[in-house]
Amino acid sequence: MHPFFLLPRLSRSHLFMISLANRCITVFGLIFALPVYAQQNNYSIEGSVKDLYTGKGLPAVNVYIQELQRGSITDSSGSYKIGNLNKGIYSVSFTRVGYKKQARKINFEKHITIFLNVSMEEQSIVFEAIEITPGVIELSSEEGASSTITNQEILSSASIFSKDVYRSLQVVPGVSNSEWSSKPHIKGGNPDEMAVIIDNLEIYEPFHLEEIDGPYSVISSDLVKDMKLITGGFAPKYGDKMSGILKINTIDRVDDDSIKASIDFSNASAALNQRISDRVNVFFSGRRSYVYLLEQASDNNFPTVVYDLWSKLDYKMDAQNRLSLNFMFLKDEIKYKQDSTFLRREFFDSYKMNYYVWLNWYKLNNERRYYSTTVGFQNLDKHADFSFDGSFTDDNADRRSTKIVTFKQDHYWKWHNDHTLEFGLDGNVFFNDYFYREFRVNPTETTPYAISTDVIFVDSKTEGYTASGYAQDTYRFSDNINVLLGARLSSQSYTDAPQIAPRAALSYEYSDQLNFKWAYGWYYQPDNFQKMKAYDNQYKLYSKPEKSIHYVMSAAYAPDPNSGITAEIYYKDYPRLNDDYNFDFSNRIEGVGIVDKPYNTQSGYAAGFDLFFKKRYSAFNLLSVGYSFSVSRIRNHLNITAPRDLDRTHSLAVNNIYNFGHGLSLSTLFRLHTGDPYTPSSVRILGDSSVTDSRIYYLTETKNSGRLPLFHSLDIKLEKRWNLNQIYLVTYGGIINLYDHKNIRQRAWKREVSNGKVTSYSQKNQLYFPRVYTLGLSLELSIPKSR
C-alpha cells in the first residue's frame, strides 16, 4: 500500500492553510529575488564617438556587442547608450563607412556603467586586393622586410640625384639603370616597356631630358605617399606594358601646414602643404635642376634648363566621396653649339614643354564596394632645330605635338568572403602632329665606294584611340592559398585586331615566415603613339603590338620582423619585338657618341635570378643587399641572337644606413655590375678631310658584340638632422665614386682638327662621374593647426 494512504485524512481547513503558506513562500521569494534580478540587468555602456582629426562627433556609427549580437547607432552628436546588460566581459566594435574599425574590450566586474569614448580615423577610400603576384616591391613610410623600401632608404640614399624617386630603385635586383640615367630597365626590358602611373593616370614621357637619356624623373620624393614597383607577372588591372609598373600615390592629407625647401649639388626644390579645412588639403611643389654642373663633372657640355611644377587639390566631400585634382608641368631646354672654328655647323636647340591635368573621383559604396573614376588630359610638345656632322644642311627640324584625353574607371567588389572581384576599363583618344626633316649621311651603310644618304621627311598628322578592359578575381582558396585569375582585352585604332591577354597567379603561405608565389601572363604592348621614330622615317604606327609571355616564381622568408630575404626566378619570352635602334641627339653629338645600327629585331627573351636581403640590425640601422644574374637577348630576321642594350650578367648593390645617434647618420652605397654591351666600330673619312667638305662613316661589327669593362663605385653620404620645435633642418655632404674609379659610359669617337683639316679620329672612353663632392641643405617648417 502507498505510504500516502497511511497518512491521516486532512480536513478542508488544513488543506487551505497549506495552500496559503505555499503561496506566501512564492511571493516572498519573488520579492527577495527582485533586487538580485534588477542588479543582474542593470549594467550599461555609454559614451561618444569623434573624428580623430577634427574632434567632431560622428553620427551613424554602428556600436555593436559581438557576444549579445546587440547594438546601437550614435546620434547626431556622436553619442550612444546601450543598457540592460548582464554582468560579464564583452567585445564592442565601432564601425562606420569611410572610417577604420575600432574594437574595445569591456568588463562589468567593477562598474555598473562604463563610459567608453572612441576616436575614429578616416580610412583611405582606395581599396586594393592583396597582391599575390611575385616581383612586388613597395615603398612605404612603415618599416618592412624584404618587400618594402622605406622612406628612410630613399631620403638617406647616397645618391647625387637627391629626391629623385626613380633612383631609389637602383638597390632592387632586376632593375638596371646607368649612373647617368634614371630610366629603369626592368628584367631585360627597355624603359619604354614600363608604365609610370601617378594617382591613377599613366604619365607619358615621365622623364626629363630624354634626348640625353633621361637623368631626372618628373616627380620629387617629397610628394610620394606610397609607391609600388611590379617587375613581372603583374595582374590584368595594371595595363599592357611588357616589363614593369611603377605605381605612385602622392600625398593627400596633412595634419599641419608645412613649408619645405632644399638645395644641393643637383637641384633646388620647394614645397607647400596646407590643410585649408578638415576636408580640403592643398599641395604645391616646384623643382629646378642644375644638370650642367653634373655635365661638367662628367666631361660633357650640354647647357640645359630643367624644372617641374606640381600641385594638387584634395577634397573629401564626405566619408564616401573624395575628389582630387592634379596638375603637373615640366620644361626642358638644351642649347648646344660647338665653336665653328673646330666643327662645322654643329648645334642642337631643343625645347620641350609638357603639362598634365587630371581629376580623380573615389567613391566608397560600402565596406565591400568601391570604385574610382579618372579623367585626364596630357599635352606633350617638343621643338628642336639641329645640325650634326652628318647633316648636309642647317635647317633640320624635329617637331612633335601630342594631345591625349584619358578616361579610366576601376571597380573593387568583395562579393564573397573568399572572393574579391576587380574590373575596369580605360581609353585614350590621341592627336599626333609629327614633322621631321633632315638630309644626312647614313654612317652605317656608307662604304669606301658609295655614299649612302638618308632623306628623312615625315609630315604626319594622326589621330586614334586605345581602349581596354579587364576583370580579375582573387580567390582565397584556403587559409594559406590565394589564387588570381583574370584577363585583359585591348584594342587600338591602328592595330590589326584586338588582343586578349590571360593572366594568373598563386600564392602559398607555408608559414608566417615563408611564402611562395607563382605568376604567368601574356602582355601585348602596342606601339607608343606619342613616341613615333620619325628620325628613322617612321610615319605611321606599327599595326602589330609587341608581345611578351612571363613565367615568374618567388620565395620570401622573414624569420623576424627586422629581416627578410626574397629569391625570384623568371623567364620572359618575346615572340614579337620591335627594334631598339635609337638615333637621337645623344648618339650623334661630336660625330657619334654611341654607334648603333638597325638590327631588324623580330623576337627575343630574358631570363634571370634575383636575390634581395634586408636586415635592420638595430632600431635605426639598415643593411640591404641585392644581387641579380640575368641574360637578355634579341633575335633578328636571320634568327641570330645578340645581347640587348644594358644586358648585365651580374649586378650587385649593397646599401647600408648607420645612425650614430643625435641625428647623425652615415649612408654608403656600393654598386658593381658587368660592363654594358656595345657595338664595336671603326671610322672612315669621305672627302678631302676638310672640316667643311668631309663626311664620316662607320664600319660596324655585330650589334652589341663588345662589352665594356666592369663597373663599380662606392658612394657615401653623411647627414645631420636637427628637430627644433616646429623646424626640421637637415644638412648633408657626400662623395660620389669615393675611390675615383674610371667607369666607362660608352665608346665615342673624338676628332682631331688642325688647320681646318680632320687629321684623325681616335676612340675615347666617355666616363661616368669621377669623384664628386656634394653638399646639401633641407629645411621644413611645420605650422600646427588648432583643433
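The values are calculated or read from the model by the stated rules, or taken from the named source; none is laboratory data. Quick caveat, the model's predicted, so the values are computed rather than measured. Ideal geometry is used to build each Cβ from the backbone, glycine not excepted, and the neighbour counts take in all protein chains shown. Keep in mind that these areas ignore ligands, DNA and RNA; they rest on the heavy atoms of the full protein, side chains included. Shrake-Rupley method; radii C 1.70, N 1.55, O 1.52, S 1.80 Å.
See the values below:
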quantity	calculated
All positions within region 735-759 that are surrounded by 13 or more Cβ atoms within 10 Å (Cβ to Cβ), modelled with pLDDT under 85 and among the polar types (S, T, N, Q)	Gln746
Number of the condition not met by Phe234 [criteria: (1) aromatic (Phe, Trp, Tyr); (2) within 30 Å of Tyr351 (Cβ to Cβ); (3) crowded, with 24+ Cβ neighbours inside 10 Å; (4) modelled with pLDDT of 85 or more]	(2)
Members of region 650-667 found to be among the hydroxyl-bearing types (Ser, Thr, Tyr) and surrounded by fewer than 18 Cβ atoms within 10 Å (Cβ to Cβ), listed by number	Tyr658
Selection from region 70-108 of residues that are within 17 Å of Val49 (Cα to Cα) and β-branched (Val, Ile, Thr)	Ile73, Thr74, Ile82, Val92, Thr95, Val97, Ile106
Search result, residues across region 103-112 that are surrounded by 13 or more Cβ atoms within 10 Å (Cβ to Cβ) and in a strand (DSSP E or B)	Arg104, Ile106
Matching residues in region 164-192 - criterion: being under 14 Å from the mean Cα position of the chain (by Cα), touching a residue at least 40 places away in the same chain (Cβ under 8 Å) and open to solvent by less than 20 Å² (accessible area, probe 1.4 Å)	Asp164, Val165, Tyr166, Arg167, Ser168, Leu169, Val172, Val175, Pro184, Ile186
Every residue from region 198-224 that is of a type in the set (S, T, N, Q) and open to solvent by 10 Å² or more (accessible area, probe 1.4 Å)	Asn200, Ser221
Strands (runs of 3 or more DSSP E) enclosed by region 9-102 - at least 2 residues per element that are β-branched (Val, Ile, Thr) and either modelled with pLDDT of 55 or more or in the same structural domain as Ile114 (by the TED database) (or both)	43-51, 62-65, 89-95
Hits in region 113-133 (condition: at pLDDT below 85 and surrounded by fewer than 16 Cβ atoms within 10 Å (Cβ to Cβ))	Glu121, Glu128, Ile130
Region 592-613, subset of a type in the set (S, T, N, Q) and surrounded by 18 or more Cβ atoms within 10 Å (Cβ to Cβ), residue modelled with the highest pLDDT	Ser603
Members of region 408-462 that are under 30 Å from Phe477 (Cα atoms) and free of Cβ contacts under 8 Å to residues at least 12 places away in the same chain	His416
Scan of region 484-517 for residues that are more than 17 Å from Met242 (Cα to Cα) and within 24 Å of the chain's Cα centre (by Cα), ordered by number	Leu484, Leu485, Leu506, Ser507, Asn515, Phe516, Lys517
Inter-residue pairs, beta-carbon under 7 Å, first among the aromatic types (Phe, Trp, Tyr) and in region 372-392, second at pLDDT 95 or above and open to solvent by 20 Å² or more (accessible area, probe 1.4 Å), 6+ apart	Phe377/Val357; Phe377/Val405
Region 214-239: number of residues that are touching a Phe, Trp or Tyr at 6+ places or on another chain (Cβ under 6 Å) and part of a loop (DSSP other than H, G, I, E, B)	3
Whichever residue in region 352-393 is buried (at least 19 other Cβ atoms within 10 Å of the Cβ) and polar (S, T, N, Q) and, among such residues, is nearest to Phe94 (Cα to Cα)	Ser372
Failed item in (1) in a strand (DSSP E or B); (2) buried (at least 16 other Cβ atoms within 10 Å of the Cβ), with Asn704 passing the rest	(1)
Check on Ala450, more than 24 Å from the chain's Cα centre (by Cα) and closer than 30 Å to Tyr698 by Cα	yes
Residue match in region 680-693 (condition: at pLDDT 85 or above and either open to solvent by 60 Å² or more (accessible area, probe 1.4 Å) or touching a strand residue (DSSP E or B) at 6+ places or on another chain (Cβ under 6 Å) (or both))	yes
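Condition check ((1) closer than 30 Å to Thr759 by Cα; (2) not polar (S, T, N, Q)) across all residues:
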residue	(1), (2)
Ser628	no, no
Asn636	no, no
Ile685	yes, yes
Thr700	yes, no
Leu724	no, yes
